[in-house]
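Quick notes on the structure that follows.
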Amino acid sequence: MRVRTVDEIVEELWSTLCLHHELPEDFPYVQVWGVNPEELSHALVSYAYHGDPEDREVVTRALGRILRDVREKGWHILVFTVFDGWVYYEGYTPAPGERFLVPSGDTPWEVLSTLEARGVRFRRQGRRVVVAPAELAKDTFRAVEHLLPLVLSVLEDGEEVGAGEVLRRLQGALSAPRAQA
C-alpha cells in the first residue's frame, strides 16, 4: 500500500499546474481536500462563498466546471489559483490501494481524531507505546509525543486499542470530577 501526505500531493499538483499554464512558482494557491469527491465538492463550495473576497467572483464563475471535473474524475484533492482573471486548477484521485494522509490539525485531540479516521491503533508494551500502522501516523508523531504519558495512563500493559478509544478514555479521564477527601 502506497501512503503519501496531502502536502506531497499538493506540491506535485502545483508543479504540474505551473508547467501546464506557465504560472509563477511563487504565486499564491489554494488547496482543498476531502475523503471523497463529495466532501471535496462541499469544501470547494464553502471556499467559494467564504474564501478570499478578491477571488470570489472568478471562483464562483468557474465553480460549475470545477465541480463537474471533481465528480467525473473522482478527485479527492484540488489545487487552484486565480491568475489574470482565470481559475487554473489540477485535481488528484488516489490510485487503487493508495492512501493519503489528511492534515491532522493543530491540537492533540484533532490529531487523535485524524488517527481514528485512518484506523491507527496504540499498543502499550511496558513503558513504551507502539503505533500501528506507523506509516499512517508518520506526520503526527510530534503531536502524539506530548500525549504519550497520558496514553500510558489509560492503557493496560499489553492492551491494544484504536486511536478513537484512546481519545475517548483521555477525554473521560480529563473531564472526571476531582475526588473529594
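Remarks
- Within the set Val35, Val45, the sole residue that is part of a helix (DSSP H, G or I), out of contact with any strand residue (DSSP E or B) (no Cβ under 9 Å at 6 or more places or on another chain), surrounded by fewer than 18 Cβ atoms within 10 Å (Cβ to Cβ) and β-branched (Val, Ile, Thr) turns out to be Val45.
- Taking the numbered list (1) touching a Lys or Arg at 6+ places or on another chain (Cβ under 8 Å); (2) outside any helix (DSSP H, G or I); (3) at negative phi in turn, Val82 passes all entries but (1).
- Segment 1-32, residues that are of a type outside the set (Asp, Glu) and assigned to a helix (DSSP H, G or I): Val6, Ile9, Val10, Leu13, Trp14, Ser15, Thr16, Leu17, Cys18, Leu19, His20, His21
- Cβ pairs under 8 Å, 6+ apart, first in segment 116-132 and of a type outside the set (Asp, Glu), second assigned to a loop (DSSP other than H, G, I, E, B) and open to solvent by 80 Å² or more (accessible area, probe 1.4 Å): Ala117/Val35; Arg124/Glu156; Arg124/Asp157; Gln125/Asp157; Gly126/Asp157
- Index of the failed condition, Gly91 passing every other in (1) touching a strand residue (DSSP E or B) at 6+ places or on another chain (Cβ under 6 Å); (2) open to solvent by less than 20 Å² (accessible area, probe 1.4 Å); (3) farther than 21 Å from Ser41 by Cα: (3)
- Segment 62-88: number of residues that are open to solvent by 30 Å² or more (accessible area, probe 1.4 Å), touching a helix residue (DSSP H, G or I) at 6+ places or on another chain (Cβ under 7 Å) and either under 14 Å from Val32 (Cα atoms) or free of Cβ contacts under 8 Å to residues at least 12 places away in the same chain (or both): 3
- For Glu110, the conditions (1) assigned by the TED database to the domain that holds Leu150; (2) open to solvent by 50 Å² or more (accessible area, probe 1.4 Å); (3) in a loop (DSSP other than H, G, I, E, B) all hold with the exception of (3).
The values are calculated or read from the model by the stated rules, or taken from the named source; none is laboratory data. From a predicted model like this one, the values you see are computed outputs, not experimental measurements. Cβ coordinates were reconstructed from backbone atoms using ideal geometry, including for glycine residues, and neighbour counts include every protein chain displayed. Heavy atoms of the whole protein, side chains included, go into the accessibility calculation; ligands, DNA and RNA do not. Shrake-Rupley method; radii C 1.70, N 1.55, O 1.52, S 1.80 Å.
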